[in-house]
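The values are calculated or read from the model by the stated rules, or taken from the named source; none is laboratory data. Keep in mind it's a predicted model, so treat the numbers as computed, not measured. Quick reminder, even Gly has a Cβ in these numbers, built from the backbone with ideal geometry, and neighbours come from all protein chains shown.
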Amino acid sequence: MTDLRRRQAPPPLEQPISPIPQFAGAQRRTLSKSWRPPKTIVLLLLALGVTGVYVYLSSILENIPFFASRLTSGSQNHQGFKKIRPHDESTSLPEGLVYGHADFQDGRSRTCRLEFAQPESEGCAWVNVNLGNGGPEPNLSGGMIPAVAPPFGMTRWTPQTRENYVSMCPYNQTDSKIHGLIGTHQPAIWMGESGSVEIHASLGRVITDFQKRGLPFKRKDEYASANYYRNLLDAGQDGKVEIEMSASSRVGHIRYTFHPTSATAKVNPHVVLQASRKTWILHGDQPDDKVPYLPKGHIEIDIGNQEVRGWNDERQDHVLVGDELPAKGFKSYFVAQFSQPFTHGAISHSGMIEPDVLKGDGEVLAGYVQFEEGTPEVEVRVGVSFISFEQASRNIDLEIPQGQTLARTSQRTRSEWAEKLDLLSVEGATPSNLTVLYTSFAHTLVYPYEISEPTPNGPAYYSGYLDKVVPGTSYSGYSIWDTFRAQSAWLILVAPERVGAMIQSMMQDYREGGWLPMWKNIVETNIMVGSHADSMIAQAMKIGVQGFDYDEAWQAVRKNAFTPPDRDTELRFGDREEGTPQEVRAGLTEYMKLGYVADDLHTESGSRTLNYAYDDHATSIVASLVGAEEVAKVLRERAKNYRYLYNSKTGHMEARNSDRSWAGSEKGWTEGDHWAYTLDVMHDVPGLIDLMGGKDKLVEFLDKHFEGGHNLHTNEPSHHIPYIYILAGQPHKTQEWVRRIGESDYNHTADGLSGNEDCGQMSAWYLFSAMGLYPVDPANATYVLGAPFFDTLTLRLPDSGKRIEVLAKGASSNLRFVKNLRVNGRDQKDVVVDHNLLSGGGRWEWEMKGDHQVWGM
């Protein structure tokens, strides 16, 4: 979710295209001033002979995957970075150290001890956990953090360089101090934190205040990966503190190594645990509109059992939905256990220490424990639970039992990442491409995150809808307006074992809260518009995903389609409007009467109308699958309601008022404008072609859209747009623009995402596009063909063991146009393919050319 921004218009396709920034490894861009070699040098090179030149260039090519310098106007010069394979490294490392990941050119360390780079994994080695952490927050940042957790983990652990709240992440790569490590449940930069736990360690005087306890670090001392984090903090005259961290889904595993200034220095190491804190609530959508928020908390230091226990009730999004969904009993519990005995402890309120007080309740509450002088090392296991202290302890016993080494925790977590990431293999990709690919893959495997826990009676979870613990498997962090487009389809391919339970979790939300989720963060938050859970359910049912009741799913999506939300005729349901009932399809009352949502009655009316038309399409699919064909017919007709917004005089979609007058081209949109939303008819491109007066008219509009700089890939309504070209008979323009977006909006650095990641959707677009297709109509479980990015891409499907082999010789060398496609030996003529063709595996042979082709017309 990103604010609307305009970019400089790129050159039209008819003009020569200057190379798009690829930020490729071993690629240097020349300066604007060209250099012409003297003739003597040319003659000398010729004198080397054909064989010598061949040998020389072969050695260069082996080490530089993309060697040709490119002149790119206005682009940043990203130096090439080294490969990670041992035989490619010319520098020797200290004994016991290895290169844990590629050099991402950010000044951070890439070395770690061997045990933290095990098991070996090609995919893990290319994941840059800081990709997407750059850019000014919140809108120009990818909103990513260097988190340590397994895929879909309940609690993600990350170094904390700043306070986090709606519009701010806990880590920013421009900061120079670390204030602790945080176990976070903040699912996206524009969503609120829920029940975090913070831990910090230092030497000498105990400081619990967040701002004052921050310790400086040097970028070269920081190592970050998805399974292990390390840094060296400067505690001033008292010495240094090395922090190392790994984690399981519900337990953080931290090792502190203390380095006093001298062996004779008399300083006591200590560890601080923050139970509750001062944080912020955002009123509206502007980061400056924040007010203090003081959650309640509890902490107790148990010297006898050598534990620290605590909880807080922080839920920054609690203001968004009214008492209908109170989740008033929500608490996030933690239990911290230590490898060394602590001798002393106390609590603090608002940074003021209360000596010898071992238990407390209240706001801005922390506790600390102190260790003997000379204690060299302390490991801490912090279990987190939404159920109870006892469950937090149980989570420790099950996931990181006493005696398990930090290396073992790291290896188990890395194994989970490797199991998924190594499903993908690529040939012809530069180091930068590999970083984008595998980091994108990792980004798609974070949300939704599991919130159920392994209790003695089986899996259970805290239900914010019922405000109690109930049996079952559950997930949170559903950014459905974003992820229904492509991330949901990607998970069906690469994490099919999770998808049924994720849909079932949505069904539990329906039973407990009355509606399917829109944007669930513990409970519904009413963020974004539309009921796109309808699409996810239609997609899953059409593919045949099991694990949920199809008839119940039909009842849930039918309610979305025909039942307006409470107070629908009273409220406008503005973005982040507080205290409202569940929004679902706000404006459905007039949508069913007029055929559209009226701009004078509800906000974001244009976006709502077009989204509801798509949701009607999705719901009609569900209806047909359960045999409710009469209702399906009604919904298929309603899915054409997008036509009510087309203003033939302006050639754009436009919101309308309840008296059927036009509201104006700038009104009624969310995360897009009238350019993007004119093309937001993902389910009926033939109908859009007819509405606009034919294919030529649609292509003309698309040309103006792209060449005029209106395509903002930062926001999801633009993601399918380049694929419309091929549906309008212009395949080469789809192939061109998809490649250009992939090259210009993604790179391997902290600034490598053009907008917020949005729980994996930005990355899912890149992954599918690199394969040569995209789910333009995800509810229908189909894909529109584009063109692959690389010579060879293979994706192994975990449920069947089958492989999708994408062969496109020359694609890596900038051959981007398709002359022909053969799937399993047969010519592929249709540019829309069914999911079954993909899930069946097989060999996709693309014949690539450097000029426009007629295939796909």
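Observations on the structure shown:
- T714, sole failed condition from (1) part of a loop (DSSP other than H, G, I, E, B); (2) under 23 Å from M771 (Cβ atoms); (3) modelled with pLDDT of 95 or more: (3)
- The set of residues from region 659-717 being among the polar types (S, T, N, Q) and either surrounded by fewer than 18 Cβ atoms within 10 Å (Cβ to Cβ) or out of contact with any Gly (no Cβ under 9 Å at 6 or more places or on another chain) (or both) comprises S661, S665, N711.
- Subset of region 214-229 (residues that are surrounded by fewer than 24 Cβ atoms within 10 Å (Cβ to Cβ) and touching a Lys or Arg at 6+ places or on another chain (Cβ under 9 Å)): G214, L215, P216, F217, R219, K220, D221, E222, Y223
- Any hit, region 751-759, residues being of a type in the set (D, E) and closer than 25 Å to L797 by Cα: yes
- Matching residues in region 256-284 - criterion: being at pLDDT 95 or above and among the aliphatic types (A, V, I, L, M): V271, V272, L273, A275
- Any hit, region 552-563, residues being closer than 28 Å to V494 by Cα, aromatic (F, W, Y) and in contact with a Phe, Trp or Tyr (Cβ under 7 Å, 6 or more places away or on another chain): no
- Conditions (1) surrounded by fewer than 22 Cβ atoms within 10 Å (Cβ to Cβ); (2) more than 30 Å from L294 (Cβ to Cβ); number of the one not met by S248: (1)
- Just one of the numbered conditions (1) in contact with a helix residue (DSSP H, G or I) (Cβ under 9 Å, 6 or more places away or on another chain); (2) buried (at least 23 other Cβ atoms within 10 Å of the Cβ) is not true of I199: (1).
- Contacts under 8 angstrom Cβ, first residue in region 701-713 being more than 18 Å from S754 (Cβ to Cβ), partner polar (S, T, N, Q) and buried (at least 20 other Cβ atoms within 10 Å of the Cβ), 6 or more apart: F701/T678; L702/Q730
- Region 724-764, subset among the small types (G, A, S) and either in contact with a helix residue (DSSP H, G or I) (Cβ under 6 Å, 6 or more places away or on another chain) or farther than 14 Å from H443 by Cα (or both), residue surrounded by the most Cβ atoms within 10 Å (Cβ to Cβ): S763
- Options L837, L795, L767, L821: the member that is surrounded by fewer than 20 Cβ atoms within 10 Å (Cβ to Cβ), hydrophobic (A, V, I, L, M, F, W, C) and either touching a strand residue (DSSP E or B) at 6+ places or on another chain (Cβ under 8 Å) or not in a loop (DSSP other than H, G, I, E, B) (or both): L837
- Selected residue [touching a Cys at 6+ places or on another chain (Cβ under 8 Å) and either surrounded by fewer than 17 Cβ atoms within 10 Å (Cβ to Cβ) or at pLDDT below 50 (or both)] from L97, L93, L114: L97
- Single residue of region 502-515 satisfying the filter (more than 21 Å from G192 (Cβ to Cβ) and more than 17 Å from the chain's Cα centre (by Cα)) that is surrounded by the most Cβ atoms within 10 Å (Cβ to Cβ): I503
- Taking the criterion of being crowded, with 20+ Cβ neighbours inside 10 Å and touching a Gly at 6+ places or on another chain (Cβ under 8 Å), the residues of region 774-792 that qualify are Y774, L785, G786, A787, P788, F789, F790, D791.
- Check on F484, in the same structural domain as R796 (by TED's automatic domain parsing), under 17 Å from the mean Cα position of the chain (by Cα) and among the aromatic types (F, W, Y): no
- Entirely in region 285-349, the strands (runs of 3 or more DSSP E) that have 1 or more residues that are of a type in the set (D, E, K, R) and modelled with pLDDT under 95: 290-293
- Residue in region 574-595 that is of a type in the set (F, W, Y), closer than 28 Å to G687 by Cβ and in contact with a Leu (Cβ under 8 Å, 6 or more places away or on another chain) present: no
- Test: residue in region 448-455 that is out of contact with any Cys (no Cβ under 6 Å at 6 or more places or on another chain), more than 29 Å from L793 (Cβ to Cβ) and among the β-branched types (V, I, T): yes
- Inspection of region 665-683 identifies at least one residue that is in a loop (DSSP other than H, G, I, E, B), at pLDDT 95 or above and among the hydroxyl-bearing types (S, T, Y).
- Counted residues, region 162-186 - those being of a type in the set (S, T, N, Q), in contact with a Ser or Thr (Cβ under 8 Å, 6 or more places away or on another chain) and buried (at least 22 other Cβ atoms within 10 Å of the Cβ): 3
- Filtering region 198-250 to residues that are closer than 19 Å to S348 by Cβ and assigned to a loop (DSSP other than H, G, I, E, B) leaves G204, R205, V206, I207, T208, D209, F210, Q211, K212, R213, G214, A235.
- Each residue in region 467-501 was checked for being of a type in the set (S, T, N, Q), buried (at least 22 other Cβ atoms within 10 Å of the Cβ) and outside any helix (DSSP H, G or I), and 3 pass.
- Looking only at region 264-296, and only at residues there that are over 25 Å from the mean Cα position of the chain (by Cα) and among the small types (G, A, S), the one that is surrounded by the most Cβ atoms within 10 Å (Cβ to Cβ): A275
- On inspection, S249 passes the criterion of being in contact with a Pro (Cβ under 7 Å, 6 or more places away or on another chain), among the polar types (S, T, N, Q) and either modelled with pLDDT of 95 or more or over 24 Å from F386 (Cα atoms) (or both).
- The number of residues in region 735-779 being farther than 18 Å from G135 by Cα and either of a type in the set (A, V, I, L, M, F, W, C) or at pLDDT below 95 (or both) comes to 12.
- Total residues in region 139-163, condition touching a strand residue (DSSP E or B) at 6+ places or on another chain (Cβ under 7 Å) and assigned to a loop (DSSP other than H, G, I, E, B): 12
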